[in-house]
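A.B. asks: Pasting in a structure now, in structure tokens, and then I'll have a few things to ask.
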Amino acid sequence: MKRAEIDREAGYRLLGELAGPETIEATLARLDEVAPGFPDWIVTALFGGTYQREGLALRDRQIANLAALAALGGVEPQLDDHVRISLRIGIEPREIVEVMVHLAPYIGVPKALAGLRVVTAALAKDTV
């Protein structure tokens, strides 16, 4: 079994590609003011670690993220971010909507509807 590697530079590079450089510059800087070091840990461990593993394509990881965030509920800003990331990597709006519809029997209709509200708002922002 291959040992998991953590690559800070790859993490920042991938986050920049997925979310755009403005995310790194603005969002992470604001978070670092509140919780110094926490954004670096998130980027390094998640985008430089978990996302770097073999076994799932980026598209599959994004669909899993959408599902997990919708299932959690109460994390609308993060779900909004991942809807936009999904669009950036080529997942079609209809596919994102279908993920939420597909989740209804598994996570409950109220959470699926809440997810659809976030998706609808993110898609409206993306088309402006």
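A.B. asks: From the list ILE63, ILE85, which residue is assigned to a helix (DSSP H, G or I), farther than 15 Å from LEU14 by Cα, in contact (Cβ under 8 Å) with a residue 24 or more places away in the chain and not aromatic (Phe, Trp, Tyr)?
C.D. replies: Of the residues listed, the single one that is assigned to a helix (DSSP H, G or I), farther than 15 Å from LEU14 by Cα, in contact (Cβ under 8 Å) with a residue 24 or more places away in the chain and not aromatic (Phe, Trp, Tyr) is ILE63.
A.B. asks: Within the range 5-60, how many residues turn out to be of a type in the set (A, V, I, L, M) and outside any helix (DSSP H, G or I)?
C.D. replies: Keep residues of the range 5-60 that are of a type in the set (A, V, I, L, M), which gives 6, 10, 14-15, 18-19, 24, 26, 28-29, 31, 34-35, 42-43, 45-46, 56-58.
Cutting the leftovers down to outside any helix (DSSP H, G or I) gives us 6, 35, 56-57.
Residues flagged as of a type in the set (A, V, I, L, M) and outside any helix (DSSP H, G or I) within the range 5-60 amount to 4.
Residue-by-condition table, conditions (1) farther than 30 Å from PRO110 by Cβ; (2) at pLDDT below 95:
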residue	(1), (2)
ARG3	yes, yes
ARG30	yes, yes
VAL34	yes, no
GLY37	yes, no
TRP41	yes, no
ALA57	yes, no
GLU76	no, no
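A.B. asks: Across the range 79-92, what is the number of residues that are exposed (fewer than 14 other Cβ atoms within 10 Å of the Cβ) and within 23 Å of PRO105 (Cβ to Cβ)?
C.D. replies: Here the count works out to 1.
A.B. asks: While we're on this one: Residue by residue through the range 35-69, note down the ones that are among the charged types (D, E, K, R) and surrounded by 13 or more Cβ atoms within 10 Å (Cβ to Cβ).
C.D. replies: Keep residues of the range 35-69 that are among the charged types (D, E, K, R), which gives 40, 53-54, 59-61.
Result: ASP40, ARG59, ARG61.
The values are calculated or read from the model by the stated rules, or taken from the named source; none is laboratory data. If you're wondering where the values come from, they're calculated on a predicted model, not measured in any experiment. So basically every Cβ, Gly included, is an ideal-geometry build from the backbone, and we count neighbours across all protein chains shown.
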